[in-house]
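Novice: Could you have a look at this structure, given as structure tokens, before my questions?
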Amino acid sequence: MTKEQTTRQLNYEVVTSLIPTGARVLDLGCGDGMLFSKLINEKKVTGVGIEIDQNEVIKALDKGVAVIQGDIDEGLKQFPDAGFDYAILNQTLQAVEKPDLVVDEMLRVANKAIVSFPNFAYWKVRFYLFFKGKMPKSHALPYEWYNTPNIHLMTVNDFFEFCKKRNIRILKSAYLTRNKVRSGILIKTITNFFTEEAIFVISK
């Protein structure tokens with residue numbers, strides 16, 4: 001198993017641990033359906049995924065996952081208020097055009113939301129940019145500048161500030177670094193520096 005696959009597996013384990021058994025789940029940007037399939041098998045969840053890429057939709061359907069092809073940047077008007085227990089935006093927030101709209105819509109259609117993203121303030125990313133003078137690459141940010149899907153790079157501190165301004169509560173948090181997990185609200189400066197990927201449970 002590659003380091004990237006190990007990192008992805010750890011991400012799935014953490015997200016799965018945050019979802020209660022039998023929950024109604026909306027998975028935004030669900031990709032190939034691997035996470036949702038894991039949730040169905042291990043947590044007996046019900047719900048649906050949304051994915052814009054047709055090839056990924058087909059892969060998800062092959063796994064038995066209910067998927068709608070759609071663009072989450074256009075909102076979630078097809079879903080009623082509080083129709084789900086959890087909405088998930090896993091490793092997708094940095095790739096959407098309207099992250100503020102997407103988060104607002106998540107918290108409208110679900111009681112709680114799980115958001116994860118790579119932390120652009122991770123110390124290795126800072127050092128890469130400082131010493132090489134080029135856009136950083138890492139396990140969490142593996143793309144070249146010209147083919148990356150990431151259009152809104154952010155940090156842990158940025159997300160704390162975003163939630164504070166919008167009166168969003170952070171209920172739980174997990175910080176992934178080198179395939180290890182730390183949880184809880186730690187010292188923000190240290191957390192921002194040493195976290196490679198952050199996962200938050202939020203609500204209004």
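The values are calculated or read from the model by the stated rules, or taken from the named source; none is laboratory data. Just so you know, these numbers come straight off a predicted model, no measurement behind them. Ideal geometry is used to build each Cβ from the backbone, glycine not excepted, and the neighbour counts take in all protein chains shown.
Novice: What's the number of the only condition in (1) modelled with pLDDT of 95 or more; (2) on the phi > 0 side of the Ramachandran plot; (3) not aromatic (Phe, Trp, Tyr) that Gly64 fails to meet?
Specialist: (1)
Novice: Residue check: is Asn157 more than 30 Å from Val48 (Cα to Cα), surrounded by 12 or more Cβ atoms within 10 Å (Cβ to Cβ) and modelled with pLDDT of 85 or more?
Specialist: Criteria met by Asn157.
Novice: Now a separate question. Just to be sure I understand the filter: pairs with C-beta atoms under 6 Å, separated by 6 or more residues or on different chains, first member in segment 95-122 and more than 18 Å from Asp85 (Cβ to Cβ), second member assigned to a strand (DSSP E or B). Which pairs pass?
Specialist: Listed by first residue and then by second, the contacts come to Pro118/Glu197; Asn119/Ala198.
Novice: Can you name every residue in segment 75-102 that is farther than 25 Å from Gly22 by Cβ and of a type in the set (S, T, N, Q)?
Specialist: Gln94, the sole residue that qualifies.
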